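The values are calculated or read from the model by the stated rules, or taken from the named source; none is laboratory data. Keep in mind that what you see is a predicted model, and the values were worked out from it rather than measured. Backbone-built Cβ (ideal geometry, glycine too); neighbour counts: all protein chains shown. Only protein heavy atoms, including side chains, enter the accessible area calculation; ligands, DNA and RNA are left aside. Shrake-Rupley method; radii C 1.70, N 1.55, O 1.52, S 1.80 Å.
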Amino acid sequence: MIHFRYNKTTRSYRTSLDIQKNEKDFVSIKFDTGATNTIITTGALGFDDVQTSVLLKNIQEGRLKPKKFTSASGNTFMGYPCYCDNLKIGNVLLKRFYYYIVLHNNPKALLGDDFICCCTFSHSFKSDIIVTAFHSEEYEQQCGYHADSIDVFQAMS
């Protein structure tokens, strides 16, 4: 089960990703049905400018193909396909979690439809979202386009 808590002030739903790979073990992530793909910024992962520069160098050497995104406000930015092994979200342990890394200091993490569409969940008016089932096989099949992705934390070591 995955529990997304509703915040009445921000009118958003959030939970934590348990990464267990970096000095920052948890990343707060927003449930965002308007986002096609899951994105996480380097700021959300707690990376400083030096770590982000090292990551960019490894991304360029690995010749990862960036994907162009457009935010709801019309801003465009680039994301690079990544994954994190053995990530825990709620009490669901994912063998491999796919996302796009965005090289930006602003701490932002959006759980997109690439993940959400593999969830069975319940939701009531202005209340929490409870994911009662996650279809991991479907998730793995649909995220096969991430074949050229990198493990950000391996690239940093």
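State whether the residues of the range 138-147 include one that is over 14 Å from the mean Cα position of the chain (by Cα) and under 21 Å from Asp18 (Cα atoms).
For the range 138-147, residues over 14 Å from the mean Cα position of the chain (by Cα) and under 21 Å from Asp18 (Cα atoms): present.
In the range 120-144, which residues are under 23 Å from Tyr83 (Cα atoms) and among the aromatic types (Phe, Trp, Tyr)?
Phe134, Tyr139
Only residues in the range 31-43 that are without any contact (Cβ under 8 Å) to a residue 40 or more places away in the chain and of a type in the set (Lys, Arg) count as the first member; pair them with residues that are open to solvent by 20 Å² or more (accessible area, probe 1.4 Å) and part of a strand (DSSP E or B), Cβ under 6 angstrom, at least 6 apart or cross-chain, and list the lot.
Cβ pairs passing all conditions: none.
Cβ-Cβ below 9 Å, separation at least six or inter-chain, first residue in the range 116-137 and loosely packed, with under 10 Cβ neighbours inside 10 Å, second modelled with pLDDT under 95: which pairs?
Lys126/Lys8; Lys126/Arg11
Within the bounds of the range 113-121, is there any residue that is at pLDDT below 90, more than 17 Å from the chain's Cα centre (by Cα) and over 19 Å from Ser28 (Cβ atoms)?
Taking every residue of the range 113-121 in turn, none turns out to be at pLDDT below 90, more than 17 Å from the chain's Cα centre (by Cα) and over 19 Å from Ser28 (Cβ atoms).
Yes/no matrix, rows are residues, columns are (1) closer than 24 Å to Tyr13 by Cα; (2) touching a strand residue (DSSP E or B) at 6+ places or on another chain (Cβ under 8 Å); (3) modelled with pLDDT under 95; (4) open to solvent by 80 Å² or more (accessible area, probe 1.4 Å):
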residue	(1), (2), (3), (4)
Leu64	no, yes, yes, no
Asn75	yes, no, yes, yes
Tyr83	yes, yes, yes, no
Ile89	yes, yes, yes, no
Val92	yes, yes, yes, no
